[in-house]
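Asks: The following block contains the structure, expressed as structure tokens.
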Amino acid sequence: MMKELEYPFDSDFLLKKRKKIKEYLLKNLSEPEIRVKIGILGGSTTKDIVSMLEIFLLNFGITPEFYESGYNQYWQDVMFPNPELDKFQPDIIYIHTSNRNIESYPGVENTASEIDGLLEKEYARFYEMWERIRRSYHSVIIQNNFEYPYYRLLGNRDGYDIHGKTYFIRRLNQKFYEYAQNTEGFYIHDINYISSAYGLKEWSDPFYWYMYKYSLCFQAIPEFAYNLANIIKALYGKNKKAVAVDLDNCLWGGVVGDDGIENLKMGSEEAVGEAYLAFQKYLKELKSLGILLTVNSKNDLENAIKGLRHPDCALKPEDFQILKANWNRKSQNLSEIAKELNILEESIIFLDDSPAECEEVRCCFPEVAVVEMKAVEHFIQDVDRGGYFELVNYSQEDVKRNQMYQQNKQRKEAEKGYLSYEEYLMSLKMVATIGIFEPVYIERIVQLINKTNQFNLTTRRYTKKEIETISESKNYLHLYGKLDDRFGENGIVTVIIGRKEQDLLHIELWTMSCRVFKRGLEYAMFDALVGFCKKEKISAIKGYYYPSAKNSMVKDFYGELGFAKVKEEDGGTEWKYRVQSLYKRKNNIIEIREKTTNGGE
């Protein structure tokens, strides 16, 4: 990742250098993992927004292709025949409207019932457009809400009088939110918030509207595009999963080894201590969303634990999955944290107050987001506005993620007490549920596919629209697998998608969460796969491995299952398995409680 594109960035620099930045990203970044088609439907000028959005997405490992409507043609492009947009077939449609696109504001002469009618008319225009998009394109929709007006005709009363523009916008936004709450695949780009955070006076400078038909000032475009890019990268599983935080002058003021715990600054007794306490509470809130907390500190472990046991500390040792308090290089600790959590280094954000430590990690792991903690009163903003944990979907599995990792620790500890790995696996008393895709699981299936990098044989990504289409098609096999054991639930952890072609099945995707790999679920899934093939009179299965920087662990996976390699080119391989009538079941450890096929005999 480019340091210049990490938050907080220099907007003027990015606007001036965006063409060179794009050239650099296209030349120097590895082969993009994700390609996405985005339709931009604008109620104002969008050209510069598109150019900034592109470089942020490239920096996230996403290669976008754009369709851009004409000026203020957002409604017409959807509601009237549009062969160009039909041919483009967008994965995402982003509707860039602002308060200048509201057609009917109330006047002081309008009655309450008339104003209600204006509100319903305005909302109906958007509702009709959204429903047409869902029917015609089945794409994800990202819709701006509305920023507040840059003047208040009624003064302070504008915010609560039924005739006020501010009050009308608030009511219209609320109707947008209710639609989002009840509609899958529909997301709000909250320009009402970011315009307020930026400064409404500057954001809505009328000069840029009258001169260029920009709905916001030119200088705010990078902030705007970055916020939008965060939604898109979250949709494709590019969020961070864990925090690695320093202790001294990050979680508390002072150095625990030098100052002693009695002199550390935290708690509500003084202003600085209160700011550190607020940041601790913020991290604890992140934990409640399923974000994994770890410590990466140059410290004695004993002193670190004493600091975390301080009565005014909101975070305790038990809140952290891993405590790395030692005198090793921070990059070494980070690598070990990633290995112990079984995630990639790029899934972690590193928080430290030392510029030298930040640079050391940045040099060793350019893909890791590094946040230099400069002023404690801004710590929360520095992390929060970075959008590392942008929430587009939220499930019970997210809530339970910390619990699941704690259970994995218990599994690893339990493994030490057995003479063989097979004996250990038997002791887990694993139970798997294998079934075809169900609507209730679609969101989780899409999330798993798009965030899994290591056990992902073809590196393919899918939109929700594509998964829904596959689940309804007779030309596809689609299986998910859930795994439970005596330590707890793991949820949906593996997915297979196969395309039928006469008596041949092409495995277009096989992905699995690495936290359950090598526990036998892969064999149970293959049993189910073979059972499906026998039922459908499929005589052979073809599997494909496409190499990436992250999936080398599964390069020989098909060979281990008994496939024959039939082709190898540029590191990629093609494999073939002939389905035998007397197939011998491979899974002899996991109990299959429910499945849709009969694998093995």
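The values are calculated or read from the model by the stated rules, or taken from the named source; none is laboratory data. Keep in mind that what you see is a predicted model, and the values were worked out from it rather than measured. All Cβ positions, even for glycine, are placed from backbone atoms using ideal geometry, and neighbour counts span all protein chains on display. For accessibility, only protein heavy atoms count, side chains too; no ligands or nucleic acids. Shrake-Rupley method; radii C 1.70, N 1.55, O 1.52, S 1.80 Å.
Asks: Hey, got a sec? Which GluC sites (Glu not before Pro) in region 311-355 land in a DSSP loop and have at most 13 other Cβ atoms within 10 Å?
Replies: none
Asks: Among PHE365, GLY543, VAL440, whose Cα projects farthest towards the positive end of the dipole of the chain, with charges put on the beta-carbon of Lys, Arg (+1) and Asp, Glu (-1)?
Replies: Of the candidates, GLY543 comes out farthest on the positive side.
Asks: With the dipole of region 49-177 worked out from charges on the C-beta (+1 for Lys and Arg, -1 for Asp and Glu) around the Cα centre, which of GLY159, ALA124, PHE56 lies farthest toward the positive end?
Replies: Farthest along the dipole direction, towards plus: GLY159.
Asks: Ok, one more. Report, in whole Å, the centroid distance computed from the Cα atoms of region 1-46 and region 358-434.
Replies: 28 Å
Asks: To the nearest 20 debye, what is the magnitude of the charge dipole of region 14-98 about its Cα centre, counting +1 on the Cβ of each Lys and Arg and -1 on the Cβ of each Asp and Glu?
Replies: Rounded to the nearest 20 debye, it is 520 debye.
Asks: Quick one: in region 457-506, what % of C-alpha pairs are over 17 Å apart?
Replies: Taking all Cα-Cα pairs of region 457-506, the fraction more than 17 Å apart is 47 percent.
Asks: Rank these by accessible area, largest first, 1.4 Å probe: TYR127, TYR177.
Replies: The ranking, largest first, comes out as TYR127, TYR177.
Asks: Next up: Let me see the pair-distance distribution of region 1-82: every alpha carbon pair, 10 Å bin width, integer percents in order.
Replies: Result returned by the calculation: 17, 43, 29, 11, 1.
Asks: Just want to confirm a number: the relative contact order over the chain, from Cα pairs under 8 angstrom separated by 6+ residues, in percent.
Replies: 10 percent
Asks: Compute the relative contact order of region 85-233 as a whole-number percentage, counting only Cα pairs closer than 8 Å that sit 6 or more residues apart in sequence.
Replies: 24 percent
Asks: Could you give the Stokes-Einstein D for region 459-596 in µm² per second, using the C-alpha Kirkwood radius, 4 °C, 1.567 mPa s?
Replies: Diffusion coefficient, whole number: 82 µm²/s.
Asks: Give the ranking of LYS324, LYS298, LYS535, LYS567 by solvent-accessible surface, highest area first, calculated with a 1.4 Å probe.
Replies: Sorted descending by solvent-accessible area, the residues read LYS535, LYS567, LYS298, LYS324.
Asks: Another question, if that's okay. For every helix of n ≥ 4 consecutive DSSP H residues, a contribution of -39,500 (n - 2.57) applies; sum these over the chain, divide by its total residues, and give [θ] at 222 nm rounded to the nearest 500 deg cm²/dmol.
Replies: Counting only the DSSP helices, I get -12000 deg cm²/dmol.
Asks: So if I take the centroid of the Cα atoms in region 542-559 and the same for region 500-527, what is the distance between those two points in Å?
Replies: Answer, in whole Å: 12.
Asks: Region 164-192 to region 450-468: how many Å between their Cα centroids?
Replies: Using only Cα atoms to place each centre, the spacing works out to 30 Å.
Asks: OK, next. Please compute the alpha carbon radius of gyration of region 249-354, then divide it by the globular-protein estimate 2.2 N^0.38 Å. Two decimals is fine.
Replies: My calculation over the Cα atoms of region 249-354 gives 1.05.
Asks: Shifting gears a bit: Once region 105-219 is represented by equal point scatterers at the alpha-carbon sites, with solvent omitted, what log10 I(q)/I(0) does the Debye formula produce at q = 0.10, 0.19 Å⁻¹?
Replies: -0.36, -1.13
Asks: In debye, nearest 20: dipole of region 457-580 around its Cα centre with unit charges on the Cβ of K, R (+) and D, E (-)?
Replies: Dipole of region 457-580, to the nearest 20 debye: 80 debye.
Asks: Holding the Cα-Cα limit at 23 Å, pick out from LYS241/LYS281; LYS537/LYS576; LYS233/LYS550; LYS37/LYS287; LYS3/LYS240 the pairs that are longer than that.
Replies: Violating the 23 Å Cα-Cα cut-off are LYS37/LYS287.
Asks: Continuing with this model, one more query. Excluding same-chain residues fewer than 8 positions from LYS339, which aspartates and glutamates have a Cα within less than 18 Å of its Cα?
Replies: GLU367, GLU413, GLU415
Asks: Roughly how many debye, to the nearest 20, is the charge dipole of region 212-329 about its Cα centre, given +1 on each Lys and Arg Cβ, -1 on each Asp and Glu Cβ, and no other charges?
Replies: 900 debye
Asks: Can you tell which of PHE218, THR183, SER288 lies farthest toward the positive end of the dipole of region 157-313, using +1 and -1 charges on the Cβ of basic and acidic side chains (Lys, Arg; Asp, Glu)?
Replies: THR183
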